[in-house]
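No lab work stands behind these numbers, since they all come straight from the coordinates. Please read all numbers here as calculations on a predicted model, not as lab measurements. As a convention, Cβ positions derive from the backbone with ideal geometry for all residues, glycine included, and neighbour counts pool all protein chains shown.
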Amino acid sequence: MTGTEDISAQDSVAPLPVNGSTHSRGDERTPLLNNQNRNVFPAEEAPSTHNDDEQVIIVEEVKGFKLWLILCICWLGVFLGAIESTIIATLSAPISSEFHSLSLLSWLASAYLISNAACQPVSGRLTDIFGRGPGLVFSNIFFAAGNLICGLAQDANVMILGRVVAGIGGGGLMAIATFLCTDLVPLRNRGVVQGIGNICYGAGATLGGVFGGLVNDNSSWGWRLAFLIQVPPILVSTCLVAYLVRLPPKVSEKSYLARIDFTGAFSLIVFLVLLLLGLNAGGNLVPWISPLPLTTLPLSLVALIAFIIWESRAKQPVIPVRLLLDRTVFNACMVNLFLCMVYMMALFYAPIYMQVRGSSATDSGLVVLFAPIGICFCSIGSGYVMKKTGRYAILAVLLQLASAVIFTTLKEDSPEWPLMIAFLLLGAGYGAMLNTMLLACLAAVDHTHQATVTSATYAFRSVGGTLGITIASAIYQNVLKTQLSERFGDLPDAAEEISRIRDDLDELKHLPEGWYDGVMASFMEAFRNVWFAMLGLVILGLISVSLLKQHKLHSTLSRNESD
């Protein structure tokens with residue numbers, strides 16, 4: 001079947017019971033993108049279902065122009081959602097200055113990332129019920145509305161609201177795009193397609209800050225245009241999604257609302273919001289001993305326990321916790337956690353390392369750009385290897401292990417080329433990891449759980465990224481403070497000078513006489529501890545990936561044993 005054929009001519013479906021075996025699938029298939037309002041199968045041929053059962057509709061594989069058009073629409077959302085996650089890096093200062101609110105600085109990033117991470121895990125279950133198309137339309141509208149609110153905001157509170165709304169939409173854009181690829185592309189070919197999606201994400205996340213800075217510096221509208229310029233393409237994407245993406249959701253005799261696990265969804269969202277809020281605030285917005293982290297972090301643990309207990313008993317859970325008992329799923333999720341921590345630690349602290357040594361922000365950015373180059377090559381490369389061999393390997397972790405080893409060798413006088421190689425390997429390992437670990441999870445579960453297990457991997461990625469930045473910040477600040485105090489604590493006015501050094505790198509240009517060598521040694525020791533923490537996390541990832549079990553990557557959507 002090609003993209004130009006009349007797909008509405010196909011009239012049959014292949015329903016799959018949730019609790020059925022993967023070997024009992026029928027031979028018939030559904031039309032891919034025909035009108036959802038029609039009956040997916042004749043009433044007299046409809047399979048019997050129990051009240052708590054759902055049936056999966058295996059769509060017919062589509063190829064050619066229509067497939068790539070749908071995927072490109074999805075990848076546009078992924079690219080813009082990734083840009084939105086880092087665009088604030090260069091815009092937070094001018095935005096905070098316009099609203100005369102320095103406290104706004106940290107919340108601009110946190111508001112987006114927290115709402116983004118909170119909505120991703122529940123999007124799998126919700127789009128199983130309501131359909132991928134409506135889910136993408138909803139996400140596009142929220143993303144466009146959030147950017148419009150930001151671009152037109154007249155006070156700080158409205159600005160934060162816009163970031164929250166955009167985060168809800170952006171999380172859905174990235175997660176549902178992955179679900180849709182899984183619905184349309186067999187696992188054997190899935191790696192190559194997901195590799196291209198990873199390139200869009202990596203390119204967007206890396207270029208977000210650059211894009212924001214360029215728009216702010218070269219437009220009379222300033223930072224507002226950086227948000228407003230994203231609205232038109234997203235609205236066009238919304239129209240195309242509404243017209244093209246009409247995959248049938250799971251079939252059930254129960255009503256939509258009866259199939260939503262409100263308690264599970266609420267407890268999961270509360271857990272993620274409280275956890276990420278506490279981790280983002282602690283040591284950044286407020287001290288760790290302040291009421292905010294001391295309250296949110298314990299409450300997040302309570303919400304997690306409540307979520308696990310409830311989901312283990314729920315008939316139609318948001319994320320079936322029993323899936324995490326599978327050896328492959330659990331270890332793949334842990335690899336996502338550890339290696340996302342490593343990636344974010346390097347992405348945030350390598351530029352600081354370079355600027356401490358005297359490099360400009362531009363030079364630091366150019367070195368970091370080697371990471372998306374690695375992502376591009378290994379996202380596609382790992383997908384091609386899986387397509388040819390039908391197996392996923394541990395190469396991704398080995399690449400990041402090599403990168404972490406290079407980081408641990410860096411000194412004050414190290415040339416830039418080892419850091420470039422380290423970022424190239426880091427990006428290569430990261431891109432390959434995102435691809436292979438997702439495929440490992442998808443291959444380990446039945447087709448009916450593909451969206452929910454994908455949601456679980458996104459949750460581990462989000463928590464991993466936040467944990468990585470938090471742990472790196474704690475190590476860096478504590479080691480730096482200790483080293484500076486040991487070297488200069490007995491000198492007059494040392495406390496004030498040490499505080500200025502920790503808060504402002506420009507203070508390195510105005511150090512008291514005799515301080516420079518000791519200050520640089522203190523910084524290098526702080527960075528060295530961060531690098532070795534990265535190495536330890538990669539080793540944990542290597543242990544986890546070695547425990548994966550190889551599952552067959554089927555070359556058809558129906559996953560017949562013979563394919």
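Count Lys and Arg as plus one, Asp and Glu as minus one, and take only other residues whose Cβ is under 15 Å from that of Phe370; the net charge is then -2.
Working note: Karplus 6.51/-1.76/1.60 with θ = phi - 60° gives region 108-117 the couplings 4, 7, 4, 4, 5, 5, 5, 5, 4, 5 Hz, where Gly and Pro are set to x.
The residues neighbouring Leu244, those whose beta-carbon lies less than 12 Å from its own, together hold a net charge of +3 under the Lys/Arg +1, Asp/Glu -1 convention. If R0 is taken as 56 Å, the Cβ-Cβ distance between Trp288 and Phe65 corresponds to a FRET efficiency of 0.55. Between Tyr384 and Ala314, the contour length at 0.36 nm per residue exceeds the Cα-Cα span by 21.3 nm.
As a footprinting exposure proxy, order Phe99, Phe179, Phe65, Phe227 by other Cβ within 10 Å, with the fewest listed first.
Details: Phe99 17, Phe179 23, Phe65 11, Phe227 27.
Fewest-to-most ranking of Phe99, Phe179, Phe65, Phe227: Phe65, Phe99, Phe179, Phe227.
Note that region 322-563 shows a convex hull volume over its alpha carbon atoms of 121 Å³ per residue.
Quick one: order Leu484, Leu247 by neighbouring beta-carbon count within 10 Å, fewest to most. Kindly include the intermediate steps, with their values, before the conclusion.
On the way: Leu484 25, Leu247 21.
Taking fewest neighbouring Cβ atoms as first place, the list is Leu247, Leu484.
What is the extension gain from Thr263 to Leu228, computed as 0.36 nm multiplied by their sequence separation minus the C-alpha to C-alpha distance, in nm to one decimal? Intermediate values should be presented prior to the final figure.
Numbers: separation 35, 0.36 × 35 = 12.60 nm, distance 3.61 nm.
Roughly 9.0 nm would be gained on extension.
Spin-label pair Thr409-Asp506: with each label point 7 Å from Cα along the Cα-Cβ axis, the two points sit 3.7 nm from one another.
Karplus-based coupling profile of region 370-382, in residue order and whole Hz: 5, 5, x, 4, x, 4, 4, 5, 8, 5, 5, x, 5, with θ = phi - 60° in 6.51 cos²θ - 1.76 cosθ + 1.60 and x standing for Gly or Pro. For region 143-151, 3J(HN,Hα) computed residue by residue from phi via the Karplus equation (6.51, -1.76, 1.60; θ = phi - 60°) reads 5, 5, 5, x, 5, 5, 4, 4, x Hz, glycine and proline entered as x.
Kirkwood Rh and Cα-based Rg: tell me the resulting Rg over Rh for region 290-338, rounded to two decimals. Let's see the in-between values first.
On the way: Rg = 13.8 Å, Rh = 12.5 Å.
Answer for region 290-338: 1.10.
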